[in-house]
Amino acid sequence: MSPGTPTDVLVVGGGVIGLSIAWKAAVAGHAVTVVDTRPGHGASWAAAGMLAPVGEAHFGEDALTALNIEAVRAWPAFARVLEHESGMAVDLVAEGTLLVAVDPSDLAATDDLLDYRRTLGLSAHRRSARECRAAEPLLAPGIRGGAELVDDHQVDNRRVVEALILACRSRGVTFVEDEVVEVTTGTDGVTGVVLGTAEALAGTVVVVAAGCRSGQLGGLPEHVLPPVRPVKGLTLRLRAGDGVAGLRRTVRGLVHGRSCYLVPRPDRSVVVGATVEEKGFDTTVQVGAVGDLLDDARRLIPSLEEYELVDITTGLRPGSPDNAPIVGRTGIAGLLMATGHFRNGILLAPLTAQAVAAMLDSRHGEHDGQGPFARFGPARFASPVRSGTGPVDGPSTGGAAPSDVGR
Ligand code: FAD
Ligand code: GLY
């Protein structure tokens, strides 16, 4: 593969990551095929669409937070071109998020996180309870206070994946509705994939973007498979009927130690999220999880009582050992990884697509060690013995972020 030569790019997985990569690769002139049984309906469908570098900044994750800040800045241009090519609005709202605390210890935890976020240079301004309620009148009277997170925005993730599918099709991307069971390799690197039907597809580049299942593909040596695991999450979609006041602002709350967020959409619906559970590949909806989430949401916004419950979705976040994405070249020529985006895959999609598209033009890694994902490549885990693998920033939390204690 030399720069400028059309490449047969096979993308395994059509979530927000695979679709964004496929689209950008097709724009760059590559011949692209996406394989997925149901594109767009994995974690990317369950997500809330927050673009939240500040709200998702956790102790010890400085490098990841810097990446997330760069990612939110990439969104306006990405959304503009995507809307143009798909003919569909994706409802990017660059308005900032209100962080609120329900009890005194929630407020103390919020203040600690605010201090940390400020040390990273992030825009987070403390707000009194009165100021919070002025910004969002539907907030419960008992709210203790909070902060304005200026850099946390949102987009409609479901519209994004639908728009990406349209944009891919308009650029000639082929969709194969099947699953990949094996990646095939030869002496010069990857040669293609084998589908569930046993049909083989040839390709000079294979991009693994299979979300939480990226570590389960056949045909690859153990040390090349990314160490991703499923982290279950539940979101609810509620809608304000006629005569019921709609939520104005995206609200993140700490509710007696548990985190909860509410993301309003232009159609007066609200996405409420989310649970964070280590339950393997289980995607069942449990009554207790729905009940807890609704209880917490109503503690923040009591009038949700009157909303209609229109949708319940579970999804599996692709978690990595250090909570950071795994993007880049592997030890096998032509095999690229784009996975492990955990809680920020919607946020990171434009930057990931841009980085992977750049890698397609340099089979031997001329530009490796540069760019936003230089610290987040597969090499940090590519050892037969993974137990000694350290995190990018500091001590690994091994999963759910500190502010998600109990959820
Ligand atoms: P997915 O969307 O899961 O897509 C992977 C695709 O691969 C699937 O379509 C699947 O069918 C396919 N696949 C799997 N195995 C194979 C195979 N063998 N062959 C072919 N195809 C295969 N992120 C944010 O930025 N903001 C948020 O507000 C946010 N909220 C979230 C809320 C919840 C409840 C959850 C669960 C996640 C949330 N996330 C959020 C995280 C975000 O959704 C993920 O990081 C992102 O969707 C990952 O995208 P992906 O394309 O890697 O995975
Ligand atoms: N980023 C929100 C979530 O993963 O729930």
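Values in this text are rule-based calculations from the coordinates and carry no lab data. Every value quoted in this text rests on a predicted model; they were computed, and no experiment measured them. Positions of Cβ are backbone-derived with ideal geometry, glycine not excepted, and every protein chain shown enters the neighbour counts.
Computed values, structure above
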quantity: Mean Cβ count within 10 Å, highest first, over the residues of peptides 92-105, 301-314; calculated: 92-105, 301-314
quantity: V231 long-range amide H proximity, modeled H, under 5 Å; calculated: R317, G319
quantity: Relative packing of peptides 289-297, 328-336, 349-357 - highest average C-beta neighbours within 10 Å first; calculated: 349-357, 328-336, 289-297
quantity: Selected from G121, G257, G233 as most flexible by GNM, with the chain as the system and alpha-carbon contacts under 10 Å; calculated: G121
quantity: Per-residue Cβ neighbour rank within 10 angstrom, fewest leading, I69, I346; calculated: I69, I346
quantity: Length added when fully stretched, T174-A200, from 0.36 nm per residue minus Cα-Cα; calculated: 7.9 nm
quantity: Alpha-carbon centroid distance for the pair region 73-150 / region 151-206, whole angstrom; calculated: 34 Å
quantity: Residues H41, H58 arranged by fewest to most Cβ contacts within 10 Å; calculated: H41, H58
quantity: Cα-projected label distance for S105 with E278, points at 7 Å along beta-carbon direction, nm; calculated: 2.2 nm
quantity: Derived scalar couplings ³J(HN,Hα) [region 110-125; Karplus, 6.51 cos²θ - 1.76 cosθ + 1.60; whole Hz; x for Gly, Pro]; calculated: 5, 5, 4, 5, 4, 4, 4, 5, 5, 5, 8, x, 7, 7, 9, 10
quantity: FRET efficiency for D311 and R118, using Cβ-Cβ distance with R0 set to 41 Å, rounded to 0.05; calculated: 0.65
quantity: Once the Cα gyration tensor of the chain is diagonalised, semi-axes √(5λ) in Å; calculated: 36, 22, 19
quantity: Using distinct alpha-carbon pairs, which all enter the 1/r mean, Kirkwood radius of region 265-345 in Å; calculated: 15.6 Å
quantity: Per-residue Cβ neighbour rank within 10 angstrom, fewest leading, H30, H84; calculated: H84, H30
